[in-house]
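Comments concern the structure below.
The values are calculated or read from the model by the stated rules, or taken from the named source; none is laboratory data. Source: prediction; values computed, not measured. In this analysis, Cβ positions are derived from the backbone assuming ideal geometry, glycine residues included, and neighbour counts consider all displayed protein chains.
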């Protein structure tokens with residue numbers, strides 16, 4: 001059994017990722033705290049989305065990928081031991097950049113994962129759908145049209161529905177890859193407010209290109225550059241008093 005600090009959702013040690021001959025994450029070590037929002041920032045191509053995809057083994061779906069090092073989750077290095085990937089990705093849910101609801105009703109979008117895991121009792125499904133839609137502050141907006149297609153929702157509503165779909169399988173952690181980049185400012189603000197509620201129950205890791213969003217919505221921020229972790233700190237400290245000159249240059253907008 002690996003010694004693990006129970007305060008952390010992830011402990012990452014000497015992580016390296018290659019796509020073919022191209023190394024996109026380089027000897028990266030960091031800890032991500034439980035029940036916090038951790039933002040990963042950095043210029044395009046710095047490796048932040050690759051890092052996110054290592055946290056639930058989705059990077060292994062990309063051809064010619066090689067990973068070394070450790071990602072410790074619940075006392076296990078998910079790259080060093082036999083891991084049930086279906087179970088892992090249930091416990092560590094992913095929300096993508098562009099909302100991608102299924103071509104099903106609003107109700108079935110949320111119920112889908114529960115059905116896959118063997119839940120078929122209608123009263124239990126009804127309770128789960130309502131609970132998850134309430135968690136993402138969507139219930140009052142859709143409760144009278146649960147049988148309507150999810151495609152008819154606005155972009156912001158679709159993204160909250162996708163978050164509800166993740167929550168329906170009862171994860172521990174939510175990974176979010178630029179979850180508001182396709183949304184308008186009002187929908188973006190709703191998602192950011194939602195994060196503050198969700199972190200009471202879940203640990204959240206969010207990749208964002210928007211430094212203002214990281215400053216508003218996260219508790220800790222990691223700054224990456226050229227595949228390396230430059231600095232990890234509580235968000236207020238990283239933006240107001242970074243310890244690394246490169247971090248200061250980036251948050252001041254001098255490059256990126």
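Filter the range 125-139 down to the residues that are out of contact with any helix residue (DSSP H, G or I) (no Cβ under 8 Å at 6 or more places or on another chain) and either part of a loop (DSSP other than H, G, I, E, B) or loosely packed, with under 13 Cβ neighbours inside 10 Å (or both) and list them by number. 127 - this is the single residue of the range 125-139 that is out of contact with any helix residue (DSSP H, G or I) (no Cβ under 8 Å at 6 or more places or on another chain) and either part of a loop (DSSP other than H, G, I, E, B) or loosely packed, with under 13 Cβ neighbours inside 10 Å (or both). Name the single residue that is nearest to residue 144 (Cα to Cα) among those in the range 101-118 being at pLDDT 90 or above and part of a loop (DSSP other than H, G, I, E, B). Top of the filtered list is 104.
Within the range 73-83, not a single residue is in a helix (DSSP H, G or I) and within 27 Å of residue 159 (Cβ to Cβ). Scanning the range 61-73 for residues that are touching a residue at least 12 places away in the same chain (Cβ under 8 Å), touching a helix residue (DSSP H, G or I) at 6+ places or on another chain (Cβ under 9 Å) and within 15 Å of residue 92 (Cβ to Cβ) returns 71, 73. Could you tell me whether residue 169 is in contact (Cβ under 8 Å) with a residue 24 or more places away in the chain, under 16 Å from the mean Cα position of the chain (by Cα) and either surrounded by fewer than 20 Cβ atoms within 10 Å (Cβ to Cβ) or under 25 Å from residue 29 (Cα atoms) (or both)? Spelling it out, residue 169 is indeed in contact (Cβ under 8 Å) with a residue 24 or more places away in the chain, under 16 Å from the mean Cα position of the chain (by Cα) and either surrounded by fewer than 20 Cβ atoms within 10 Å (Cβ to Cβ) or under 25 Å from residue 29 (Cα atoms) (or both).
Per the listing 98, 13, the residue uniquely in a loop (DSSP other than H, G, I, E, B), on the phi < 0 side of the Ramachandran plot and surrounded by fewer than 18 Cβ atoms within 10 Å (Cβ to Cβ) is 98.
Scanning the range 140-173 for residues that are within 22 Å of residue 116 (Cβ to Cβ), outside any loop (DSSP other than H, G, I, E, B) and in contact with a helix residue (DSSP H, G or I) (Cβ under 6 Å, 6 or more places away or on another chain) returns 142, 150, 161, 164, 165, 167.
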